[in-house]
1. Per the Kirkwood formula on distinct C-alpha pairs, the Rh of the chain is how many angstrom?
2. Hey, in the GNM for the chain with a 10 angstrom Cα cutoff, which one of Y226, Y175, Y158 fluctuates hardest?
3. Mind jotting down the distance between the C-alpha centroids of region 102-129 and region 170-223, whole Å?
4. Would you please give the FRET efficiency between C156 and Y234, computed as 1/(1 + (r/R0)^6) with r the Cβ-Cβ distance and R0 = 22 Å, to the nearest 0.05?
5. By how many degrees, 0 to 90 and rounded to 10, does the Cα axis of helix 191-201 deviate from the longest principal axis of the chain?
6. Once the Cα atoms of helix 162-171 and of the chain are each reduced to a long axis, what angle between those two axes, in degrees from 0 to 90 to the nearest 10, is obtained?
7. Can you pull the one-decimal nm distance between simple spin-label points at K89 and I182, each 7 Å off the Cα toward Cβ?
8. What FRET efficiency comes out for the pair D19/Q57, r = Cβ-Cβ distance, R0 = 41 Å, nearest 0.05?
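Please treat every number below as a calculation from the coordinates, not as lab data. Here the structure is a predicted model, which is why all the values come from computation and not from measurement. Virtual Cβ from ideal backbone geometry, glycine too; neighbours counted across all protein chains shown.
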Amino acid sequence: MITYDSKKRILIPTKVINDSINAGFGTKRLGDGRKLPTIFRFLEGNKTEYGHIVIPQQIHSANVEVLEKKQTNKLIKVEDTDGVVTKDKGIVLTVITADCVPIIYADKEKGIIGISHNGWRGSLKRLVQNVIHKMVGMGAKKESIVVAIGPAIGGCCYDIDDDRYYSFLEEFESYADKIFQIRKGKRHISLAKLNYLLLLEAGIKPENIDVFPFCTKCDAKRFFSYRRNTKEKYGEMLSYIVISGS
Ligand SMILES: [Zn+2]
């Protein structure tokens with residue numbers, strides 16, 4: 001389940017968290033995740049024990065990096081990357097999104113965590129499967145990995161042009177009836193659904209995947225949306241996961 005914590009102003013992926021793993025998908029009420037003070041204020045306000053904050057550059061790639069504790073900087077910016085994983089304590093993995101799909105991963109038994117920013121390009125390039133592959137390489141077991149797919153633009157609002165449609169169709173023809181829909185004569189795609197199917201394909205159990213069901217563009221009260229907010233005030237939501245400790 002993904003539940004709302006009104007005090008923290010984040011959505012909590014209940015399958016992922018435990019006594020030592022802390023994770024959440026930020027809402028608009030938390031503030032703009034692009035601004036560092038939002039992240040610091042949030043972590044300190046919640047008494048999260050941490051040593052480093054990891055900020056991937058988010059270039060719409062399928063690249064995944066492993067983070068280790070031998071870093072000295074408090075703030076670690078990771079270039080050319082849309083997915084980050086770690087098994088060390090005190091490393092806060094973050095992404096920011098406003099319509100793209102934030103995804104949080106954990107093998108709680110092995111203590112291996114990950115997060116990714118999945119836009120249309122990352123989804124097309126199967127970024128989620130690269131994250132799973134990386135985690136398994138570090139010792140995670142596919143059957144015990146739990147995943148939460150966070151707030152993203154829904155199939156209701158995400159229309160795509162013909163070029164993009166045919167790129168997806170070519171890659172995922174067998175999923176066509178599940179991921180596409182036509183609304184008012186336009187083709188739409190659900191990236192959350194596609195990423196869910198890609199996780200199943202990678203061997204993740206359906207009962208270990210939670211999907212947040214509402215759309216960031218439809219729900220203006222809780223979420224920033226790139227497509228809705230381009231002309232007005234725009235921000236991005238912070239999502240994070242950390243194994244507490246330092
Ligand atoms: Zn919508």
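1. On the way: mean 1/r = 0.0560 Å⁻¹.
Hydrodynamic radius (Kirkwood, Cα only) of the chain equals 17.9 Å.
2. Looking only at Y226, Y175, Y158, the biggest GNM fluctuation is shown by Y175.
3. Cα centroid of region 170-223 versus Cα centroid of region 102-129: 15 Å apart.
4. Numbers: r = 20 Å, r/R0 = 0.92.
So, using R0 = 22 Å, E works out to roughly 0.65.
5. Result, in degrees: 70.
6. Between the helix axis and the principal axis of the chain, the angle is about 70 degrees.
7. Going by the 7 Å Cα→Cβ label model, 5.7 nm.
8. Numbers: r = 32 Å, r/R0 = 0.78.
So the FRET efficiency works out to roughly 0.80.
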